[in-house]
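Single-structure report; data block below.
The values are calculated or read from the model by the stated rules, or taken from the named source; none is laboratory data. What you are looking at is a predicted structure, and each value in this text was computed from that prediction instead of being measured. Ideal geometry is used to build each Cβ from the backbone, glycine not excepted, and the neighbour counts take in all protein chains shown.
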Amino acid sequence: MIPIGERPVGREAFSHGLEVVVDYDENSELFKAAQEVTAVRFVQEGYYDSLEEVDAEYRPYDRHSLFVAAIQGGEIIAAARLIIPNSEVGQIAVNDLLDPNCPLNADDKGWQDIAAAGRDKLLDIATIATPLHDESDVSIADRSLYCLGGVLAVAKLAKLTHLIAGLDVRGYYLYRMKYGDPIWTIGEKVNYHKSPCVPIMADVEAALNNGSDEVRQATQIGYRAVTSVFK
């Protein structure tokens, strides 16, 4: 499993002067910048009313999180927060998905998919976000792929077989277009934080082997960044 003791940073260069970076030091500048990028985008999209509201919801997870970020010109252009799976809160997302009282929950087939995968084999993508306005020449789709490449690498290295997340439907359709069947919904679309969202799962190994050349390249970059941290 992913260690929670030492907290280094891993970087790997890509084209466009872009790097994939992995960090799980909650006191680092990168970690805080990734938090800010996420909070600002969520408020801009109307998911939350204020930055303080976002902070209040996610602050308790900071010491159980790591960020995978795409960086260009010293600025974060995409960031994904993952919940460390062997932490005390690592199963919260699974519990929420299985709770019929939670707005974003799995249907009967989703329950079966989670049971088949095994709760201890799931990695939770808590958030994934890109800045709404920046100077980057990398498309929103591509920068999201670089982040997801790092996420898949974290899961593979930690011997976790599936990802789970609640995604904005736009994000789901993007990843579905790029990866195909290895990413699927496990519940109905609902309005969650004022946005249409769906609960999803992804088969890590199948996703790694099912993408286009650009997806494979992004994943390879992410994998090298991750392994430079957790080796």
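Contact map, the range 188-201: residues that are in contact (Cβ under 8 Å) with a residue 40 or more places away in the chain and of a type in the set (Ser, Thr, Tyr) paired with residues that are in a strand (DSSP E or B) and surrounded by 13 or more Cβ atoms within 10 Å (Cβ to Cβ), Cβ distance under 7 Å, separation 6+ or inter-chain. Pairs shown: Tyr192/Gly166; Ser195/Asp168.
Counting only helices (runs of 4 or more DSSP H) that sit completely within the range 39-117, those holding 1 or more residues that are surrounded by fewer than 15 Cβ atoms within 10 Å (Cβ to Cβ) and either at positive phi or at pLDDT 90 or above (or both) correspond to 51-58, 108-117.
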